[in-house]
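**Student:** Have a look at this one before I ask anything.
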């Protein structure tokens, strides 16, 4: 299986070096689709191509990489996020995982460690590279429980989102923006009746029975 990846890092030399390193990896084979300096231009790639993993730095100049994790997951629920950072501080590690990161590897780690990490997160596991494990052990039991609860809740949310078709996702987004069925129909060049059918299907998939509950559910899913 070929893995499609995006790198988000504001240091061009590091990003290019990472590309060169990943080209040496055969299992899994990785194709870098795009390099972004701050993550502002990556959303279009989720609709263009199937993106399997995002390699994300935390220090992106004016942008905090920790703040990108949840929006990326909301945009593409199935994508895996591997943090590549020079920060090993407990607070960064905890926040990254609590926000929904799947793996955390320190910059400067051996290529083999990163390769194993990629394999692990692609198998839906959580991975902490060498040097991060010691920090992670210091996470209090309460925090670990909170992390597990939040992750389970996120996975439930991502599962519900993944059940929606592309058209249903478009319509749900417009519903949250307070557009009526007629307005949505005009925007998407479809009939009012088609919008109504999609709305009913969306409500069924999200387990709600009215528009107010539908909007609340959408907001909780970061739509």
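**Student:** Return the distance in nm (one decimal) between the two label points of a simple spin-label model at residue 11 and residue 167, each offset 7 Å from Cα along Cα→Cβ.
**Tutor:** For the pair residue 11/residue 167, the computed spacing is 4.8 nm.
**Student:** Whole-Å semi-axes of the range 46-121's equivalent ellipsoid, largest first, each the root of 5 times a Cα gyration tensor eigenvalue?
**Tutor:** Taking √(5λ) for each Cα gyration eigenvalue gives 19, 16, 11 Å.
**Student:** For a quick check: sort 114, 164 by the number of other beta carbons within 10 angstrom, fewest at the front. Please list the in-between numbers first.
**Tutor:** Numbers: 114 23, 164 20.
Listed from fewest to most nearby Cβ atoms, that is 164, 114.
**Student:** Using all alpha carbons of the range 2-139, what is the percent of pairwise distances in each 5 Å bin, ordered from the shortest bin to the longest?
**Tutor:** Distribution as computed: 2, 10, 23, 26, 22, 13, 3, 0, 0 percent.
**Student:** Expressed in nm to one decimal, what extension gain is obtained for the pair residue 194 and residue 21 from 0.36 nm per residue of sequence separation less their Cα-Cα distance? Please list the in-between numbers first.
**Tutor:** Numbers: separation 173, 0.36 × 173 = 62.28 nm, distance 4.90 nm.
Between residue 194 and residue 21, full extension yields 57.4 nm more.
A short reminder: the numbers here are calculations on the coordinates, not readings from a lab. Since the model is a prediction, treat every value here as computed from it, not as a measurement. Cβ atoms come from the backbone with ideal geometry, glycine included; neighbour counts cover every protein chain shown.
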